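To keep things clear, I will list the structure first and then write my remarks on it.
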Amino acid sequence: MLDIGTLIFQIFWMIFIFSLIIPFLRNSALESAREALIRSLEKKRNSRVITLIHRTESISFFGFPVRRYIDIEDSKEVLRRALKKHKGKVTVFVPHYAMSGGTLIALAADEVVMDENAVLGPLDPQIGNMPAPSILAAVEKKDVNEVDDQTLILADIAEKAIRQIKELVTEILKDKMPEEKAKEIAEKLCEGNWTHDYPLTVEKLRELGLQVRTDMPQKVYDLMDLYKQSEPKRPSVSYVPAPYYRGRETRGEDR
């Protein structure tokens with residue numbers, strides 16, 4: 001017959017082992033659910049689904065994160081490998097937002113379907129932590145003799161970066177529209193007309209001359225629900241969960 005100490009020791013190790021296994025089983029079930037939904041979407045559309053979803057995910061034991069990773073497929077790899085391997089009509093779905101690399105993929109697609117509240121982002125290059133167009137603008141406002149060599153080098157790099165991305169965007173778009181129109185859109189997206197985080201809405205993209213639809217399939221939203229961002233320890237939005245007393249409201253004491 002086991003004594004109480006041995007029993008407690010065995011129970012402790014059983015709990016510990018289960019705490020190690022359960023997070024991996026939960027993650028495996030999540031991956032299976034994602035794959036099943038992707039296969040369902042492929043079957044419904046009779047096409048290949050390729051996801052580019054930026055999320056930070058975590059696995060934790062006893063509430064403490066022990067492994068954190070970002071599950072990212074690089075946009076250039078999607079363009080260069082996935083889309084080249086699976087040739088055919090390409091539709092890009094944007095349920096929330098797609099910045100920079102996501103915008104580039106959207107421009108390369110045959111059609112773009114966005115949620116009515118989704119946004120894309122400008123394609124102005126960033127040199128370090130500074131926008132390339134702003135570097136050029138700052139140098140142009142000064143006499144060249146008043147600018148240090150390092151800033152001049154940054155300006156040279158910035159000029160090349162802007163030219164390169166404009167050429168790439170023009171090359172992508174010119175098969176879908178006249179080349180002059182493609183150059184015009186490339187200039188607006190790449191030359192710093194907006195800040196790098198400026199949200200390009202459906203209306204703004206249509207004003208630029210891009211063809212965008214808003215009939216987003218429900219299965220795309222269902223898939224995004226399986227890629228929820230890891231919740232922060234402290235909430236970013238605070239509110240009082242209970243209603244105020246009517247008496248206080250009538251006395252004008254609410255603040």
*At q = 0.13, 0.16, 0.17, 0.23 Å⁻¹, what is the log10 ratio I(q)/I(0) for the stretch 105-217, with the Debye formula run over Cα points and no solvent?*
-0.55, -0.77, -0.84, -1.25
*From the phi of every residue in the stretch 153-161, what ³J(HN,Hα) in whole Hz does the Karplus formula 6.51 cos²θ - 1.76 cosθ + 1.60 yield, where θ is phi - 60° and glycine or proline is x?*
5, 4, 5, 5, 5, 4, 4, 5, 5
*Please arrange LYS43, LYS204, LYS160 by accessible surface area, largest first, computed with a 1.4 Å probe and ligands excluded.*
LYS43, LYS160, LYS204
*Under a 1.4 angstrom probe, counting protein chains only, how are TYR221, TYR97, TYR227 ranked by accessible area, largest first?*
TYR97, TYR221, TYR227
*Mind ranking ASP149, ASP215 by accessible surface for me, highest first, 1.4 Å probe?*
ASP149, ASP215
*Using θ = phi - 60° and the Karplus curve 6.51 cos²θ - 1.76 cosθ + 1.60, what whole-Hz ³J(HN,Hα) does each residue of the stretch 170-178 get, with Gly and Pro shown as x?*
4, 4, 5, 8, 5, 7, 10, 7, x
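The values are calculated or read from the model by the stated rules, or taken from the named source; none is laboratory data. Being a predicted model, the structure only gives us computed values, none of them experimental. When the accessible area is computed, the model is the full protein with side chains, heavy atoms only, and any ligands, DNA or RNA have been set aside. Shrake-Rupley method; radii C 1.70, N 1.55, O 1.52, S 1.80 Å.
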